[in-house]
1. Suppose every K and R has +1 on its Cβ and every D and E has -1 on its Cβ; what is the size of the dipole of the stretch 4-182 about the Cα centre, in Debye to the nearest 20?
2. Between exposed GluC sites (Glu not before Pro) in the chain, where DSSP calls loop and at most 11 other Cβ atoms lie within 10 Å, what's the longest gap?
3. For the pairs Lys30/Lys52; Lys30/Lys175; Lys4/Lys171; Lys4/Lys83; Lys15/Lys83; Lys50/Lys153, flag any whose C-alpha to C-alpha distance is greater than 26 Å.
4. Ranking Ser99, Ser141, Ser167 by Cβ neighbours within 10 Å, fewest first, what do you get?
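A short reminder: the numbers here are calculations on the coordinates, not readings from a lab. As the structure is a computational prediction, the values presented were derived from the model and not from experiment. Because the Cβ atoms are built from the backbone with ideal geometry, glycine has one as well, and the counts that use them run over all protein chains shown.
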Amino acid sequence: MTKKEVLFCTSNEEKLRDLRYILGDEFDLKSDPVELTEIQGDPDEITLAKTKEAYKLLKRPLITEDTCLCFNAFKGLPGPYIKHFLLNIGPMGVYNLLSQFEDKSGYSLCTFGYVDENGVKLFEGRTDGTIVSPRGHVDISWNCIFEPEGYNKTFAELTFEEKNRVSHRYKAGIKLKVSVNSVTHFEILGVPAK
């Protein structure tokens, strides 16, 4: 059986490794670190815009992703802007934003966009959890401050396999995989790629 070649627009090695794990052996996942404009908006609007822009630049079927960390006390913020918060104040600074709030609950959200000549389709995955003081490997990601529901460990403390069983990316990726496997090309209604 020939592997299906899939292009994933990312320069993030962790995201690439996770999606390779999720999609499995039947896919030949390639990456392209194409620089895409990050508009302001909700996660679906951002993913849709990135996916359309990537398609215009690369002119081939592809996948993009947008990831959010959302605080319930902040009604979903920082959401898609978490990367900018982390770059400026780090994981401890992000955690400290909630210091005056009793509610430390939140959720991680992943939205994959797939596009081909028929249009765009979005796949969303969500993992509920709690925002905690940094634990595990601390870098510029938020994995060290997000503890998924039902675990006493942050994403950074979980093994690769444990994380990929419960993560937002896994949940969205499985939906993407099922859709890719169900038809030769996506049967897409709705948003045109052009």
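1. Working: 23 positive and 28 negative charges, 29 e Å.
Its charge dipole is roughly 140 debye.
2. Details: sites that count: Glu35, Glu102, Glu149, Glu187.
It works out to 36-101.
3. Numbers: Lys30/Lys52 18 Å; Lys30/Lys175 19 Å; Lys4/Lys171 20 Å; Lys4/Lys83 31 Å; Lys15/Lys83 14 Å; Lys50/Lys153 32 Å.
Check vs 26 Å cut-off fails for Lys4/Lys83; Lys50/Lys153.
4. Working: Ser99 7, Ser141 19, Ser167 23.
By the 10 Å Cβ count, ascending, the order reads Ser99, Ser141, Ser167.
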